[in-house]
Amino acid sequence: MAERENRGRGRNREDQTPEFADRLVAINRVSKTVKGGKRFGFAALVVVGDQKGRVGFGKGKAKEVPEAIRKATEQAKRQMIRVALRDGRTLHHDIEGRHGAGKVVMRTAPEGTGIIAGGPMRAVFEMLGVKDVVSKSIGSQNPYNMIRATMNGLTKSQSPRNVAQRRGKKVADILPRRDEAPAAAPAEADA
């Protein structure tokens, strides 16, 4: 009977896995000294995403590394957020995120730039599905704080559709017109 339940649980987990990719960002070993020696524990930090605009992070603690990673992955899947991407490759606007002493700056980038980000921030952008972004981490280099600051910034990002809906306008009214700027430049050069 217990065997049947386990089989069902494992199959369900395999059905969910293909849509999400995960990246192990950090693993920390801690030890506790007890009468008989030392007891080791492990803490894992994992970022999970579908590479189409959804991302989440989680941390897990356990006596064994695989169990800590499993717990972190499950928590990350529960805490996923959706982020609107421009053309499915970059952010809509520049963003600043903060958490504790950690501060991150994320900027949109033209096509072909790639992901210019360090360590934990790179993992978040790769799992999110961003292909072009320039970012800088200022302050804390702690991976937990960097990821939380990045997620804080991403939750603040807004798509033109959301802004237009909130203001009761059309998306075309909010976005700058790209046709007029190049046409005005040659007229000034002739004068």
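The values are calculated or read from the model by the stated rules, or taken from the named source; none is laboratory data. Since we're looking at a predicted model, the values are computed, not measured. Quick reminder, even Gly has a Cβ in these numbers, built from the backbone with ideal geometry, and neighbours come from all protein chains shown. SASA here: full protein model, heavy atoms, side chains in, ligands and nucleic acids out. Shrake-Rupley method; radii C 1.70, N 1.55, O 1.52, S 1.80 Å.
Just for region 99-150: of the residues that are in a strand (DSSP E or B) and under 13 Å from the mean Cα position of the chain (by Cα), which one is farthest from R89 (Cα to Cα)?
Here is the first cut: in region 99-150, the residues in a strand (DSSP E or B) are 99, 102-108, 115-116, 133-139.
Cutting the leftovers down to under 13 Å from the mean Cα position of the chain (by Cα) gives us 104, 106, 115, 133, 135.
Values: V104: 19, M106: 14, I115: 10, V133: 9, S135: 15 Å.
Applying the filter and picking the extreme gives V104.
Check I69, I95 and return the single one that is at pLDDT below 95 and in contact with a strand residue (DSSP E or B) (Cβ under 6 Å, 6 or more places away or on another chain).
Going through I69, I95 in turn, the sole match is I95.
Taking the condition of being within 12 Å of I147 (Cα to Cα) and open to solvent by 40 Å² or more (accessible area, probe 1.4 Å), how many residues in region 86-100 meet it?
The total comes to 3.
Residues checked against (1) surrounded by 12 or more Cβ atoms within 10 Å (Cβ to Cβ); (2) modelled with pLDDT under 90:
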| position | (1), (2) |
| --- | --- |
| R107 | yes, no |
| G112 | no, no |
| M127 | yes, no |
| R166 | no, yes |
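Since G60 meets every condition but one in (1) open to solvent by less than 70 Å² (accessible area, probe 1.4 Å); (2) at pLDDT below 95, which condition does it not meet?
The failed condition is (2).
Collect the residues in region 64-84 that are more than 23 Å from G41 (Cβ to Cβ) and either buried (at least 19 other Cβ atoms within 10 Å of the Cβ) or without any contact (Cβ under 8 Å) to a residue 24 or more places away in the chain (or both), keeping them in residue-number order.
V83
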